[in-house]
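Before any comments, here is the structure.
The values are calculated or read from the model by the stated rules, or taken from the named source; none is laboratory data. It should be emphasised that the depicted structure is a prediction, and the values quoted were computed from it without experimental measurement. Reconstructed Cβ throughout: ideal geometry from the backbone, glycine too, with neighbour counts over all protein chains shown.
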Amino acid sequence: MKIFLAGATGAIGKRLVPLLIESGFQVIGTTRTQSRAEGLRAAGAEPIVVNAFDRASLVRAVLAAHPDVVMQQLTDLPPGLDPSQMIEGTRRNARIRSEGTKNLVAAALEAGVSRFIAQSIAWMYAAGPEPHAEDDALDVDAQGTRAITVTGVATLEHFVLASPPIDGIVLRYGHLYGPGTGTDAPGEPPSLHVDAAAAAALVAIEKGRVGIYNIAEANSYISTEKARSELGFEAAYRLGRAVNR
């Protein structure tokens, strides 16, 4: 099976590539810079240098790859989540969630891809009883930078879930920690190790059903029962351990 992984050199992408390769998938991974392409090749993936905002180039790349599954793991955040750059980073990240996802879904539709798995976040729920389940409302009335983020999230999820005949799957990740995330320890809940995030994307290829999954460590803010029961998601997973597929 062939996987088109957009954002293959991001925090999750770097951990996901070896999992996919070890599981027998052929991986075509995107990066925005030529300097990162060789790292992807060394990891066993076929690199493609493309910008998600360049719709025509993205469509050509997906058509040429002819994948079975498209994965959206795109982000555009400052290194180490530098607080001094986070306001602008929030705007860039919202744009890549909305415009980048729109372009990637369009490319997947043109290529006849049947399954699309996308990264979202799990702390954008509107105020209400906790823990939040996947069908609880997003905080669409938020203000300030949170409004920018939730708009990007809602737009991403709309394109992924409402683009038939694609089977869209959204993974709402908790706050990431671990290699490449800028922090080695869990912070504000819901938290999630980057390796467990990558493993959830892997099992979603074969076990995921159309819809949304909360992906995080046990916490009181969101329920992860759906991911655990349907995907076999294990928050304790770390790279190098067998994944339950």
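Here are the numbers:
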read-out: Test set (1) surrounded by 16 or more Cβ atoms within 10 Å (Cβ to Cβ); (2) within 16 Å of Ser23 (Cβ to Cβ); (3) free of Cβ contacts under 8 Å to residues at least 60 places away in the same chain - Glu217 fails condition number; value: (2)
read-out: Conditions (1) in contact with a helix residue (DSSP H, G or I) (Cβ under 8 Å, 6 or more places away or on another chain); (2) in contact (Cβ under 8 Å) with a residue 60 or more places away in the chain: number failed by Arg209; value: (2)
read-out: Residue identified as at pLDDT below 95 and among the aliphatic types (A, V, I, L, M) among Val203, Val194, Val243, Val210; value: Val243
read-out: Test: residue in region 209-218 that is more than 24 Å from Val69 (Cβ to Cβ) and under 15 Å from the mean Cα position of the chain (by Cα); value: no
read-out: In region 118-136, the residues that are surrounded by 12 or more Cβ atoms within 10 Å (Cβ to Cβ) and hydrophobic (A, V, I, L, M, F, W, C); value: Ala118, Ile121, Ala122, Trp123, Met124, Ala126, Ala133
read-out: Residue within region 84-107 that is under 16 Å from the mean Cα position of the chain (by Cα), among the polar types (S, T, N, Q) and not in a helix (DSSP H, G or I) present; value: no
read-out: Within region 185-196, tally of residues that are out of contact with any Asp or Glu (no Cβ under 8 Å at 6 or more places or on another chain) and either exposed (fewer than 15 other Cβ atoms within 10 Å of the Cβ) or assigned to a strand (DSSP E or B) (or both); value: 3
read-out: Subset of region 184-209 [among the charged types (D, E, K, R) and within 13 Å of Tyr173 (Cβ to Cβ)]; value: Asp195
read-out: Those residues of region 159-184 which are at pLDDT 95 or above, outside any strand (DSSP E or B) and small (Gly, Ala, Ser), in sequence order; value: Ala162, Ser163, Gly174
